[in-house]
Every structure is written in C-alpha cells, then in structure tokens.
1. Which of (1) in contact with a strand residue (DSSP E or B) (Cβ under 9 Å, 6 or more places away or on another chain); (2) modelled with pLDDT of 85 or more does residue 85 not meet, given it meets every other one?
2. Does residue 87 satisfy the condition of being under 25 Å from residue 7 (Cβ atoms) and within 17 Å of the chain's Cα centre (by Cα)?
3. Would you check which residues across region 44-58 are surrounded by 10 or more Cβ atoms within 10 Å (Cβ to Cβ) and over 24 Å from residue 90 (Cα atoms) and list them?
4. Please work out which one of (1) at pLDDT 80 or above; (2) under 16 Å from the mean Cα position of the chain (by Cα); (3) outside the structural domain of residue 131 (by TED's automatic domain parsing); (4) farther than 30 Å from residue 129 by Cβ is the condition residue 39 fails and give its number.
5. Under the condition of being surrounded by fewer than 11 Cβ atoms within 10 Å (Cβ to Cβ) and out of contact with any strand residue (DSSP E or B) (no Cβ under 6 Å at 6 or more places or on another chain), which residue from region 1-16 is farthest from residue 74 (Cα to Cα)?
6. Which pairs have Cβ atoms under 7 Å, sit 6 or more apart or on different chains, and link a residue in region 72-92 that is in contact (Cβ under 8 Å) with a residue 40 or more places away in the chain to one that is surrounded by 11 or more Cβ atoms within 10 Å (Cβ to Cβ) and assigned to a helix (DSSP H, G or I)?
7. Since residue 41 meets every condition but one in (1) loosely packed, with under 10 Cβ neighbours inside 10 Å; (2) in contact (Cβ under 8 Å) with a residue 40 or more places away in the chain, which condition does it not meet?
8. Just checking, does region 52-67 include any residue being in contact (Cβ under 8 Å) with a residue 40 or more places away in the chain and touching a helix residue (DSSP H, G or I) at 6+ places or on another chain (Cβ under 8 Å)?
C-alpha cells in the first residue's frame, strides 16, 4: 500500500494505491478552514457495508502481529518535510463510546526511528454496528 494526502486551493486529495494490484483510489474533499497542523499514520480495522450503505459495521481488528511502516514523512502547513520521528507521538487507543467506554482496539507503537515505526497488535475488540452520516 502507498498513500498520499495533498492540499491545494481549499481541497484535500487522498490517494491510496495497492502496489500489488496496481489499483488506485482517489477522494477529494473541500475544507478551507481545516488547520493542517498535524500528520497521522494509522493502522486500523475496516468498516464494511452492504451496497445500499444501510447496514455497516466495524470489523474485528485482525492479529497483524508487528507491522512496520517505512518511508513515513509529512510536511505540515508549508513546513519542512520530516520523517515520523520528527513529530510528537500521541498514540490513540480506540474506545467504543456507544457501550460505556467499551474497548474497540489497541495497538502499541514502538520506538520511532527516522521515517519508520512499528505497531504491534494487542487485542481484536468486537464487531461494532455503525451508522454512516450524510456525505460532505
């Protein structure tokens, strides 16, 4: 996988590419007031929906063991391009707010080194039904 996010003219462009199949998906969203003051590298479980998008759920997090992401770099709001180690690290534990703080998933981020970090699977969490909001 390869991902890229760019910002120009009040619009963010997200591109995700599968390096194995050569398939690419792109999504553009407008947000002129977004601060563009942080960067995120995320390993998370997918949400799945039926074709009508009326029944959706977040799946259990697969046991991916240790997963190393390399070549991670970002430039925040016109600054200089830095690897992940050049940013302050704030790991996030995902918690399900719909069930009194029920656990969704947790991964552990290891030491940051230049443009590389490793996240290690901890637990799966349960399947969680979700409702999609309006587009835009």
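The values are calculated or read from the model by the stated rules, or taken from the named source; none is laboratory data. Because the structure is a prediction, the values reported are computed rather than measured. All Cβ positions, even for glycine, are placed from backbone atoms using ideal geometry, and neighbour counts span all protein chains on display.
1. Condition (2) is where residue 85 drops out.
2. yes
3. Scanning region 44-58 gives 48, 49, 53, 55, 56, 57.
4. (1)
5. Step by step, filter region 1-16, then rank; the result is 9.
6. 72/84
7. That leaves (1) as the condition not met.
8. Among the residues of region 52-67, not one is in contact (Cβ under 8 Å) with a residue 40 or more places away in the chain and touching a helix residue (DSSP H, G or I) at 6+ places or on another chain (Cβ under 8 Å), which makes the answer no.
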